[in-house]
Amino acid sequence: MTSTMHVAVTVNGRRHQAEVEPRRLLVHLLREDFGLTGTHVGCDSSTCGACTILVDGRSAKSCTMLAVQADGREITTIEGMEQGTTLHPLQQAFTDQHGLQCGFCTPGMIMQASWLLGENADPSDDQIRHGIAGNLCRCTGYVNIVKAIDQAAGELRAQAVAPLAAETA
Amino acid sequence: MIPAAFDYARPSSLDEALRLLHDREGEAKVLAGGYSLIPLLRYRLAQPGLLVDIGNLDDLAYVREAGGQLQIGARTTHHQLEQSDLVQRSGLWSDAAGGIGDPQVRNWGTLGGSVAHADPSSDWPAVLLASRASVVVRDLKRERVIPAREFFLDTFVTAIEPTEILTEIRVPLPPPGTGGAYAKTERKAGDFATAAAAVQVTVDAGGAITAAGVALSAVSETPFVVVAAEAALLGAHASPELESSVRRAAAEGCNPTRDGHGPVDYKRAMAGEMAVRALRRALARAGA
């Protein structure tokens with residue numbers, strides 16, 4: 001059997017490479033080879049969503065993808081959300097709305113929410129709840145998580161409108 | 001959980017993929033979205049020698065109408081089906097597409113993968129049975145078109161040979177006056193069904209049912225057609241008595257086992273209830 005294969009991926013805008021066994025899971029490549037431990041392993045059974053990241057813009061559970069499947073693809077993790085020293089509107093909103101208690105599910109929640117808001121910039125509470133149906137919060141803090149995603153949606157819409165308003169003025 | 005070691009290839013053409021399956025016959029598995037197969041690998045319930053990743057075969061992802069059929073490429077994701085206007089025209093198919101797993105599963109999981117995997121609790125097999133779809137498979141030499149009703153042989157067992165790849169699903173475009181629905185009950189969001197029913201009916205101007213498809217998921221060794229329910233529906237008009245016949249046919253026709261989803265009697269009752277709920281919605285959509 002093949003011992004290892006070469007994998008090259010872009011993570012948060014930076015090119016990373018590794019030699020991996022085909023059976024290596026993407027979440028282990030990120031955490032152990034690249035040291036990006038913001039992506040958490042919760043259930044190890046494709047259930048909890050704590051390991052959610054974006055792969056070519058699509059949210060994925062990184063415990064349910066092989067590292068070799070990601071070869072040549074573009075990945076965004078929680079570490080890629082901050083812009084310089086400014087928190088992403090989702091990160092800021094989770095802080096403002098107390099959208100986390102123990103915080104273990106938070107990176108997955110934020111990455112899933114960022115995919116959701118890319119699909120639907122103005123989701124209803126119901127659409128937010130369905131959008132994070134694959135992400136479990138064992139502290140059951142869903143009410144504030146939904147509030148946080150709603151706040152971030154408003155902020156991102158305002159940011160999208162602001163440059164246009166500046167041009168017309 | 002770490003999978004057992006395997007070889008991995010990501011071919012750039014269908015022929016190359018088929019060649020690999022041919023050369024490593026019996027020890028290779030096809031990897032599409034991975035949301036069924038990778039959990040099996042992690043639990044070591046599956047230990048293939050080679051994974052053939054069809055992730056690069058983008059020409060297997062499409063939804064189109066041709067020759068009186070809806071043709072869906074095997075690698076089309078559940079999310080792409082949810083978003084497809086052509087798929088949305090079928091109440092049965094659109095009900096099912098939006099309720100599979102969770103958003104991450106729908107982002108990567110594929111129609112072909114789900115059908116080939118043939119989990120008795122998954123959603124698409126019953127939908128294919130009720131809408132009388134066909135499954136297209138291909139090996140290096142030939143293509144075969146297998147009616148869905150001859151495709152699901154046993155738990156996780158289908159009519160696909162080890163050297164074949166599922167390439168397309170074909171669904172006959174139903175005549176006017178057709179409505180369909182998928183009803184399922186589950187313990188929590190994103191869970192596999194406890195019981196689920198797929199129903200499609202065609203109704204004539206006088207309200208008589210002229211064609212019927214009824215299939216159940218999660219309550220037998222395989223998804224299956226409820227022949228007695230289809231027979232009761234043919235020629236009948238909507239009525240409480242008709243609902244009772246369908247409920248009884250579904251409850252008596254299934255063969256559930258006791259597990260974490262509930263005891264046998266409960267599952268039979270839910271099979272009947274889901275069949276009736278799907279029937280009511282299908283009839284309403286058919287304009288009956």
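The values are calculated or read from the model by the stated rules, or taken from the named source; none is laboratory data. Keep in mind it's a predicted model, so treat the numbers as computed, not measured. All Cβ positions, even for glycine, are placed from backbone atoms using ideal geometry, and neighbour counts span all protein chains on display. To get the accessible areas, we keep the full protein, side chains included, count just its heavy atoms, and leave off ligands, DNA and RNA. Shrake-Rupley method; radii C 1.70, N 1.55, O 1.52, S 1.80 Å.
What does the charge dipole of segment B:1-155 about its Cα centre add up to, to the nearest 20 debye, if the Cβ of each Lys and Arg holds +1 and the Cβ of each Asp and Glu holds -1? Let's see the in-between values first.
On the way: 16 positive and 20 negative charges, 30 e Å.
Here segment B:1-155 has a charge dipole of around 140 debye.
What percent do you get for the relative contact order of segment B:187-288 when only Cα pairs under 8 Å and 6+ apart count?
31 percent
Could you tell me the distance between the Cα centroids of segment A:1-71 and segment B:269-288, to the nearest Å?
Centre-to-centre distance over Cα atoms comes out at 43 Å.
Could you tell me which helices of chain B pass both thresholds, a Cα extent of 18 Å or more along their own axis and a mean Kyte-Doolittle hydropathy of at least -1.0, with helices taken as whole DSSP H runs?
Passing helices, by number: B:240-253, B:264-286.
Summed for both chains, how many Å² of accessible area, to the nearest 100, are buried between B and A with a 1.4 Å probe? Please list the in-between numbers first.
On the way: alone 12990 and 9120 Å², together 19330 Å².
Separately minus together, B and A give about 2800 Å² buried.
Going toward the positive end of the dipole of chain A, with +1 on Lys and Arg Cβ and -1 on Asp and Glu Cβ, which of A:Gly118, A:Gln151, A:Met65 do you reach last?
A:Met65
Mind giving me the FRET efficiency for A:Gln159 and B:Ser244? R0 is 56 Å, r the Cβ-Cβ distance, nearest 0.05 is fine.
0.45
Using a cut-off of under 14 Å, list every residue of segment A:126-162 whose amide N is near the label point 7 Å from the Cα of A:Val41 along the Cα-to-beta-carbon line.
none
Given a 1.4 Å probe and heavy atoms of the protein chains only, how would you sort A:Arg24, B:Arg248, largest accessible area at the top?
B:Arg248, A:Arg24
Rounded to the nearest 10 Å², what accessible area does A:Phe104 show when all protein chains are kept and the probe is 1.4 Å?
90 Å²
Using the Cα centre of chain A as the reference point, and only Cβ charges (+1 on K/R, -1 on D/E), how large is the resulting charge dipole? Debye, rounded to the nearest 20.
320 debye
Within 10 Å of each Cβ in peptide A:50-56, how many partner chain Cβ atoms are there on average? Round it to a whole number, please.
If you average over the peptide's residues, the count of other-chain Cβ atoms is 1.
With the other protein chains left in place, how much accessible area per residue, in square angstrom, belongs to segment A:5-80 at a 1.4 angstrom probe?
Dividing the accessible area of segment A:5-80 by its residue count gives 35 Å².
Quick check: residue separation of B:Asp23 and B:Arg89 times 0.36 nm, minus the Cα distance between them. What number comes out in nm?
Extending this stretch completely gives an extra 19.6 nm.
Which whole-percent values make up P(r) of segment B:1-148 when all C-alpha to C-alpha distances are grouped in 10 Å steps starting at zero?
Per 10 Å bin, starting at 0, the Cα pair percentages come out as 11, 40, 36, 13, 1.
Can you give me the relative contact order of segment B:61-172 as a percent, contacts being Cα pairs under 8 Å and 6 or more apart?
Relative contact order comes out at 28 percent.
Taking all pairs of different Cα atoms in chain A, averaging 1/r and flipping that mean, what Kirkwood radius in angstroms comes out?
Answer for chain A: a Kirkwood hydrodynamic radius of 16.7 Å.
In the calculated pair distance distribution of segment A:5-80, what percentage of Cα-Cα distances lie above 21 Å?
Here the long-distance tail beyond 21 Å is 13 percent of all Cα pairs in segment A:5-80.
Mark the label point 7 Å from the Cα of A:Gln92 along Cα→Cβ and return the residues of segment A:106-140 whose backbone N is within less than 12 Å of it.
None, by backbone N distance to the label point.
Whole-Hz Karplus ³J(HN,Hα) for segment B:103-117, in order, using 6.51 cos²θ - 1.76 cosθ + 1.60 and θ = phi - 60°, x for Gly and Pro?
Residue by residue, segment B:103-117 yields x, 5, 4, 5, 5, 10, x, 10, 4, x, x, 5, 5, 5, 5 Hz.
Would you mind computing the Rg to Rh ratio of segment B:187-288 from its alpha-carbon coordinates, Kirkwood style for Rh?
1.00
Once neighbouring chains are kept in place and the probe is 1.4 Å, which whole percent of the accessible area of segment A:89-168 is contributed by carbon and sulfur? Each step should come with its number before you reach the end.
Numbers: 2220 of 4050 Å².
The computed percentage sits at 55.
How well do other chains shield peptide B:184-196, expressed as the mean number of their Cβ atoms within 10 Å of each residue Cβ?
Working: counts 0, 0, 0, 0, 3, 6, 7, 1, 0, 0, 0, 0, 0.
Shielding by partners across B:184-196 averages 1.
Which of the pairs A:Lys147/B:Lys267; B:Lys188/B:Lys267; B:Lys29/B:Lys188; A:Lys61/B:Lys29; A:Lys61/B:Lys188; B:Lys29/B:Lys267 have their Cα atoms more than 26 Å apart in this structure?
A:Lys147/B:Lys267; B:Lys29/B:Lys188; B:Lys29/B:Lys267
Can you give me the Kirkwood hydrodynamic radius for segment B:7-53, using every pair of distinct Cα atoms, in Å to one decimal?
10.9 Å
Taking only protein heavy atoms into account and a 1.4 Å probe, give the accessible area per residue of segment B:181-283 in Å².
On the way: 4240 Å² over 103 residues.
Heavy-atom accessible area per residue stands at 41 Å².
Just subtract the alpha-carbon distance of B:Ile2 and B:Ala269 from 0.36 nm times their residue separation and send over the number in nm, one decimal.
Gain on extension, B:Ile2 to B:Ala269, equals 92.2 nm.
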